[in-house]
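Before any comments, here is the structure.
The values are calculated or read from the model by the stated rules, or taken from the named source; none is laboratory data. Since this is a predicted model, take the numbers as computed values, not measurements. Reconstructed Cβ throughout: ideal geometry from the backbone, glycine too, with neighbour counts over all protein chains shown.
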Amino acid sequence: MKAMISTRYGGPEIFQLQEVDKPIPKDNEVLVKIKSSSITTAETMMRTGYPIIGRLYMGLIKPKNQISGTGFSGIIEAAGRNVRKFNLGEHVFGESLNTLGTYAEYICIEEDGIIAKLPDNISFEEAAVVGDGPITSLNFLRNLGEIKAYHNILIIGASGSLGTAAVQLAKIFGAKVTGVCSTKNIQLVRSLGADKVIDYKNENFCTNGKTYDIIYDTIGVSSFLNCKNSLTKNGVYMSPVIDFGLLFQMLYTSIFGTKKAKFAATGMLPHQVLQQYLQEIGTLMELGEMRTIISERFSLTQIPDAHRHIDNGHKRGNVVVALH
C-alpha cells in the first residue's frame with residue numbers, strides 16, 4: 001500500500017510517499033480501507049517535534065510512528081477471527097491514537113478501539129475529522145469547563161476545527177456563545193449559532209469590559225494572565241495547546257484564587273470514553289444537530305501541501321485527505 005512516511009522532525013518536506021506492507025489484522029482487529037483521513041494543526045506541531053514536551057509521547061529524537069495521522073473513515077475490508085462487532089463492507093469512522101497511521105491507504109484498528117459504524121447520512125469526509133475538533137471540544141466543554149446552560153463562553157479561534165465544533169456544542173448545551181475569528185470567517189461562525197462574533201482585528205476581547213464564565217482558547221494564542229480580567233469570579237480559562245506558561249498557571253490556580261487555568265490531553269482518556277464521545281458526536285451529526293466544516297481537500301500525495309496550508313494559517317474548519 002501507499003503511505004506518507006516521516007523519519008525525522010522538520011518541515012513539510014520531510015514527508016515521503018512510499019510503498020509499504022499492507023497491515024494484517026490481528027485476531028481482535030479490523031482492516032480498514034481508508035476513504036478519508038484528517039490533517040490537523042496538532043499533527044503539524046507533531047511533525048516539527050515542538051513543543052519539546054510533546055516528544056515524551058512522540059519520540060525524543062525522531063518520530064516513533066513513521067506514518068502520522070489520527071482521524072479516519074473507510075470501509076472494513078478484513079477482520080480478525082475474534083471480531084464480532086463489525087462486518088466486512090461496513091462503513092466506519094474513528095481515530096488511531098496509539099499507533100497513528102492514517103496517512104495511508106489502510107489501517108488496522110482494534111474492534112474495541114476508537115471506531116464506530118458510520119451513519120448513512122454522513123459522508124466519509126465529514127466523519128474523518130470527528131476525532132479532532134468535536135471530541136476534543138466535547139471533552140473540554142463538558143469536563144474542564146463544566147458548561148451549564150446559563151454560562152457565557154468565549155471561544156477563541158471559533159472558525160477552526162476545535163472552534164467550529166465548540167460553538168455548536170456550547171449552543172447544544174444551552175450556553176450563550178461569543179466567537180472570536182477573523183473578518184472573513186464571521187458569517188461562518190454566526191451560521192454555526194454564535195450569539196456574538198468578535199473580529200479580533202477590530203476589537204480586543206481582553207479590554208472590552210465583558211466577562212465570561214469560560215474562555216476556551218482553541219488555538220493557544222492567548223494566556224490565562226491576559227484573559228484573567230475577562231473571567232467571572234469563578235471563571236475557567238482552558239486551552240488544548242500546552243506550554244510551560246500554562247502548566248505553571250494550572251498549578252498556581254489549583255492552589256490560589258477562584259479563577260482557574262486548565263488543560264487536558266484528550267487523547268490520553270481511556271479508549272472506552274473516547275469511543276463513547278465518538279458515538280455521541282456521530283449521533284448529533286446523524287440527527288442534523290451538528291456538522292463538521294471541511295475547507296480543503298488534498299490527495300495522499302499532497303499531504304506536504306496540506307501541512308504548508310495549515311502552517312500558513314489558512315485553515316478554516318477542517319482539512320482532509322481524500323483517498324479513492
Quiz item: So N98 fits all but one of (1) under 16 Å from the mean Cα position of the chain (by Cα); (2) closer than 30 Å to K33 by Cβ; (3) buried (at least 17 other Cβ atoms within 10 Å of the Cβ); what number is the exception?
Solution: (3)
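Could you tell me whether A158 is closer than 20 Å to L269 by Cα, out of contact with any Leu (no Cβ under 7 Å at 6 or more places or on another chain), assigned by TED's automatic domain parsing to the domain that holds F205 and buried (at least 24 other Cβ atoms within 10 Å of the Cβ)?
On the way: closer than 20 Å to L269 by Cα: no; out of contact with any Leu (no Cβ under 7 Å at 6 or more places or on another chain): yes; assigned by TED's automatic domain parsing to the domain that holds F205: yes; buried (at least 24 other Cβ atoms within 10 Å of the Cβ): yes.
Considered against the rule, which asks whether it is closer than 20 Å to L269 by Cα, out of contact with any Leu (no Cβ under 7 Å at 6 or more places or on another chain), assigned by TED's automatic domain parsing to the domain that holds F205 and buried (at least 24 other Cβ atoms within 10 Å of the Cβ), A158 comes out as no.
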Exercise. Output the residues belonging to the range 29-52 that are hydroxyl-bearing (S, T, Y) and in a helix (DSSP H, G or I).
Key: T41, T44, T48
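Would you say I109 is surrounded by fewer than 21 Cβ atoms within 10 Å (Cβ to Cβ) and either among the β-branched types (V, I, T) or modelled with pLDDT of 95 or more (or both)?
Taking the combined requirement at face value, the residue does not satisfy it.
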Quiz item: Taking interchain pairs and intrachain pairs at least six residues apart, which have beta carbon atoms under 6 angstrom, with the first residue in the range 37-65 and under 15 Å from N312 (Cα atoms) and touching a residue at least 24 places away in the same chain (Cβ under 8 Å) and the second in a helix (DSSP H, G or I) and among the small types (G, A, S)?
Solution: I39/A306
Quiz item: Which residue, of G157, G113, G163, is over 22 Å from G288 (Cα atoms), of a type outside the set (D, E, K, R) and within 14 Å of the chain's Cα centre (by Cα)?
Solution: G157
Quiz item: Looking at A149, is it buried (at least 24 other Cβ atoms within 10 Å of the Cβ) and at pLDDT 95 or above?
Solution: no
Quiz item: Any idea how many residues of the range 263-316 are among the basic types (K, R) and either within 16 Å of the chain's Cα centre (by Cα) or not assigned by TED's automatic domain parsing to the domain that holds E13 (or both)?
Solution: 3
Quiz item: Which ones in the range 108-137 are aliphatic (A, V, I, L, M) and under 15 Å from P270 (Cβ atoms)?
Solution: I114, I115, I135
